[in-house]
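Undergrad: Sending over a structure as structure tokens; questions will come in a sec.
Just so it is clear, none of the values below were taken in a lab; they were calculated from the coordinates. Predicted, not measured: the structure shown is a model, and the values here were computed from it. Heads up, the Cβs are rebuilt from the backbone with ideal geometry, glycines too, and the neighbour counts pull from every protein chain shown.
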Amino acid sequence: MPDAEQAGQAEKAELRRACLALRRRIPADEKRRADASIVRQIAALPAFCRASAVFLYAPLWDEPDLLALCAADRRFAFPVCTPGGLLVFRFAAPSDLQPGAYGISEPGGDRPIAAADADTVCLVPGLAFAADGTYNVTVEISVEVSCVNSSLSSETSKSA
């Protein structure tokens, strides 16, 4: 790996550590308010309103908790880590989730596998975002999605 690439990886790792430390200092009541605000904003998005399915995640303790979105009349799918490290999504309700790989909650193996289409919304946790609030990612199934900024409110980031 060239020196510039190594330096970039080291810088990224340090930025990640710093962002994690800031996120973990957010008080629980403030996080709950921010999570509720994020849920309201996502639920109002036209893409969410017309979604045929929503690929969601079961949050770790410090990630935005978006499970309240599951109250909407949509089909929800959650990631399952396979032995080869590939993620597949299975349709499930939050109540169907159980501890899986790396301690992350996931649907049991008997749930139907979900396939993305043009009307699928994919919400992924992110640690840091571009200045315009977006985070672009290419999903393994080769569907490019632009994910909603699930970072906490500007009020939270000012106090952090």
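Undergrad: How high is the relative contact order of segment 13-135, in percent, counting Cα pairs under 8 Å that sit 6 or more residues apart?
TA: 26 percent
Undergrad: A follow-up question, please. Only loop residues by DSSP count here, and only those with at most 16 other Cβ atoms within 10 Å; note down the chymotrypsin sites (Phe, Trp or Tyr not before Pro) in segment 1-92 that meet that.
TA: TRP61
Undergrad: Rounded, prolate or oblate: which fits segment 1-134 when a ≥ b ≥ c are the square roots of the eigenvalues of the alpha-carbon gyration tensor, with rounded for a/c under 1.5 and prolate only if a/b beats b/c?
TA: It is prolate, given that a/c is not under 1.5 and a/b is the larger ratio.
Undergrad: Here is a follow-up. Within segment 1-95, list the trypsin sites (Lys or Arg not before Pro) lying in a DSSP loop whose Cβ has at most 14 other Cβ atoms in a 10 Å radius. Before the final figure, lay out each step's value.
TA: On the way: sites: LYS12, ARG16, ARG17, ARG23, ARG24, ARG25, LYS31, ARG32, ARG33, ARG40, ARG50, ARG74, ARG75, ARG90; in loops: ARG25, ARG50, ARG74.
Passing both the DSSP loop test and the Cβ count: ARG25, ARG50.
Undergrad: Quick one: compute the contact order of segment 1-80, relative version, from alpha carbon pairs under 8 angstrom and 6+ residues apart, as a percent.
TA: About 27 percent, as a whole number.
Undergrad: Now, a different point. Which of SER105, SER95 has the fewest other C-beta atoms within 10 Å, and how do the rest follow up to the most?
TA: SER95, SER105
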